[in-house]
Amino acid sequence: MFSFIVRRILWTIPVILIVSSITFLLMHSVPGSPFTRERALPPAIQKNLEAKYHLNDPLWKQYIDYMYGFVRLDFGPSIAYRSRTVNDILAQQWPVTATLGGVAFLFAVCIGIPLGVLSAVKQNTLIDNGSMVAAMLGVSIPAIALGPFLIWIFALKLKWFPVATWGSPAHVVLPALTLSTAYLSRFARITRASMLQVVREEYILAARAKGLREIVVNLRHAFRNALIPVTTIAGPAFADIVTGSLVVEQIFAIPGIGKYYVQSIGNRDYPVIMATTLLFALIIVVMNLLVDISYAMLDPRIRYS
Amino acid sequence: MAFRTGKTGSDNETGKALRSRSLTRDAMRRLMKNRGAVAGGIILLLLIFAAVFANFVAPYSSTEGDILNNYAAPTADHPFGCDFMGRDVLSRLIYGARISLAAGFVGAITAFVIGVTFGLVSGFFGGKTDNFMMRIVDIMYGFPTLLLIILLMVFFKSSFSVSGVAGGGLRGALSDLDRSMGGMFFIFLGIGLTSWLGMARLVRGMTLSVRNTEYVESARAIGTSRIRILFRHILPNVLGPAIVAQALQIPGFIQYEAFLSFIGLGVNPPTPSWGMMLSQGYLAMRSHFHLVLWPAVAISITLFAFNFLGDGVRDAFDPRQTR
C-alpha cells in the first residue's frame, strides 16, 4: 500500500511537467505579444520591455527559468499588471474561486446525497419520480443558461440576492447554486442508483430478518455501503467544480482566478496563464490521486496491479 | 423428448417455431417502454428536422435584421421578439439548432475517431507501445480541459486567421475553411483534441479483451494478417459499446460550444449560436428578458432530450443496472 502511494505521488511529477510544457509551448505559439497595443509602442520601448520580462531570450531558456521559478513557488511578475507579482494575484483571486467552489461542492454533497437516498427509499413514488426528473433537468441546464435565469428571478425580480460581483456572503449564493446544480443532480442520481443496488444485497435481507427497524436498515446498513461509489466520484467532481467556476465567474463578474485566466489569455499575460493552468492541474492531479488511493483502500485487487 | 415439458416444447411440436429475439430487438423493446426516452427521441427528431430544413422552417433570415425592430417585444409577426439588431429570435433559434447539433455530433465524431484509433493501436500492439500510449492518456488527464480548450481556441483563432489573410498554404486553407463554416471548424477541432481520452481508455480495454478471445487466436492460427484481424475481428466488436459511450458525451460537447460562444471564442458573428445569443441577451437582460429566456430554454430542452434518450439507451442495453 505504502509503495503504491509513493509511486502514485511520484507519477504526478511528470504529469505536472508535461502539462506545463504543453501549456508553455501553446501559449508562446499564439501570435501577439503582451505589448501589442492599438497604437504600436516605439520599437526601443518594446525592446526594453521584452528584455525586462526576458521575452527575447530563447524559448528553452525562458522555459527553464520559468520552471526554476515554479519549483521555488515564485511565478514571477505579471506582465499586464505591472506592479503585481503573479503570487500576489493568486493570493488575492484564489480564495474567491476556492470559496465559490467549496460552497458549490457543499451544496452538491449536502443536498444531492440526501435527495438520492430519499428517492431510493421511496422508489417509484411521486417523490422519487419528481426528484429524478428534477435531477435530470439539473444535469441538462448549462450554467450559462441557469445563471442568468437565477439572476433574473432572485436578484432582479425578488431582490433577495445581489445581481453580481463579490463581497458579502449573499453574493456567494446564486453563483454557487449555478455552479453546483449539475453536480448536485449527478450526486443525487448516483446515490439513488447505488442505494438501489445495495438494497438487493443479502446482508440487507439479513438485517431486515433480524427485525431491525427500516430506518436503521436504510441508514446504517444500506447508506454506508452505497456511499462507496459516491465518494469515488466526489474527487473528480470537486476538481470539475473548481474548474467550472471559470464559467460562473464570467456570468457573475466574480473576480476569481477563472475570470483572470480568460483576461490573461487576451492580454498574453504568460506568467498568469502558466500559474493558473498549473494550479488547476495540481488540483486535478491531487484529486485523481485521492481517488486512486481510496480505490486501493476499498479494493485490494487494484493495489498490486 | 420425455424430459421436454412446458410451453417451449409444445410450441415446437406444433411446428410454430418461437421467434428468436435478438439482443438489439430486446433492447429496443425496453427502450420503447421508457416514456422519457421516447419523448427525448421525438424532441431530437423534431430538432434535427428543424436544423436540416432551417431554410424552410425559419420565418426570417437568421443574420439580417430590420433595425427598426431592434429589441422588439414578442408579437404575432415575431413570436419570440427581436434581438438588438432587429433579427427575429425564433429564426435565429432555429438556425442555432444547426450549430448546437453540429457541435454535438461532429465534435463527438472527431473525438471518437481520435479516441478509437488511439485505443485500438494501444490495445492491439500491447507491450511497450501500449504502456507508452496509456501514459500519454494519463498525463493528458491532468489537464484542466476547460482551460486547455480556451487556450486552444485562442491559438486557433489568432494564429490561423492572421495568416489566413495572407492566404498561404495549410494555415490559410484551414482558416478559410473555418471562416466558411462560421467558426465551427475550430470548435470541432478543439472538442476533438480535448475529449478523446475516455474513449481511448475504453477502446483500449475492450481491444485487450477481444484480442485474447479464441476466435482471434484461430484467425491468427490460419495466418490472417494483423491488419485484417484488427479491422475484421477486433474493430467491429469494439465499435458498438464505443458508439453508445460516445453518444452519451454529446450533451457535454453541446455545452462546450455554447460556453465558448458565450465568452466569444466560439462561432464568428453573425452565425447564430445559442451560446452567443445567451451572451448578447444577457447584456440586455434587465429590460428584455425574452432575449435570454428563449435561447436558455432551447439549449436546456435539447440537453434534456439527449440526456433522457441517452439514459434510456444505456438502461435498455444494460438491463442489470437499476435505474
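Structure summary
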| read-out | value |
| --- | --- |
| Listing of helices (runs of 4 or more DSSP H) fully contained in region B:113-180 that carry 1 or more residues being at the interface with another protein chain (Cβ under 8 Å from one of its Cβ atoms), at pLDDT 75 or above and open to solvent by less than 30 Å² (accessible area, probe 1.4 Å) | B:127-141, B:145-166 |
| Candidate set from region A:185-241 (those that are of a type in the set (Ser, Thr, Tyr) and under 30 Å from A:Val96 (Cα atoms)); member that is most open to solvent (accessible area, probe 1.4 Å) | A:Thr231 |
| Where a residue in region A:127-148 is more than 7 Å from chain B (Cβ to nearest Cβ) and its partner, wherever it lies, is part of a helix (DSSP H, G or I) and charged (D, E, K, R), with Cβ under 9 Å and at least six apart | A:Asp128/A:Arg192; A:Ser131/A:Arg192; A:Met132/A:Arg189; A:Met132/A:Arg192; A:Ala135/A:Arg186; A:Ala135/A:Arg189; A:Ala135/A:Arg192; A:Gly138/A:Arg186 |
| Residues (crowded, with 24+ Cβ neighbours inside 10 Å and more than 8 Å from chain B (Cβ to nearest Cβ)) located in region A:242-253 | A:Val242, A:Ser245, A:Val248, A:Glu249, A:Phe252 |
| Selected residue (criterion: surrounded by the most Cβ atoms within 10 Å (Cβ to Cβ)) from residues of region A:95-124 that are within 14 Å of chain B (Cβ to nearest Cβ) and outside any helix (DSSP H, G or I) | A:Gln123 |
| Single unsatisfied condition, A:Leu279 versus (1) open to solvent by 20 Å² or more (accessible area, probe 1.4 Å); (2) within 20 Å of B:Ile149 (Cα to Cα); (3) away from chain B (no Cβ under 12 Å) | (3) |
| Residue check for A:Ala120: modelled with pLDDT under 90, in contact with a Lys or Arg (Cβ under 7 Å, 6 or more places away or on another chain) and of a type outside the set (Lys, Arg) | yes |
| Residue count for region B:74-109, restricted to those that are more than 9 Å from the chain's Cα centre (by Cα) and either in a loop (DSSP other than H, G, I, E, B) or closer than 25 Å to B:Phe231 by Cβ (or both) | 13 |
| Residue in region A:33-45 that is touching a helix residue (DSSP H, G or I) at 6+ places or on another chain (Cβ under 8 Å) and within 14 Å of chain B (Cβ to nearest Cβ) present | yes |
| Number of the exception - A:Leu158 against (1) under 22 Å from the mean Cα position of the chain (by Cα); (2) open to solvent by 20 Å² or more (accessible area, probe 1.4 Å); (3) away from every other protein chain (no Cβ under 13 Å); (4) not small (Gly, Ala, Ser) | (1) |
| Residues being more than 10 Å from chain A (Cβ to nearest Cβ) and surrounded by 20 or more Cβ atoms within 10 Å (Cβ to Cβ) - total across region B:262-272 | 4 |
| Check on B:Ala219, aliphatic (A, V, I, L, M), surrounded by fewer than 19 Cβ atoms within 10 Å (Cβ to Cβ) and closer than 28 Å to B:Gly41 by Cα | no |
| Enumerated helices (runs of 4 or more DSSP H) restricted to region B:222-320, each holding at least 2 residues that are touching a Lys or Arg at 6+ places or on another chain (Cβ under 8 Å) and of a type in the set (Asp, Glu) | B:290-317 |
| Exclusive hit being crowded, with 18+ Cβ neighbours inside 10 Å and within 11 Å of chain A (Cβ to nearest Cβ), set B:Phe259, B:Phe317, B:Phe253 | B:Phe259 |
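The values are calculated or read from the model by the stated rules, or taken from the named source; none is laboratory data. This structure is a prediction, so every number in the text was calculated from the model and none was measured. Cβ atoms come from the backbone with ideal geometry, glycine included; neighbour counts cover every protein chain shown. Note: areas computed on protein heavy atoms with side chains; ligands, DNA, RNA excluded. Shrake-Rupley method; radii C 1.70, N 1.55, O 1.52, S 1.80 Å.
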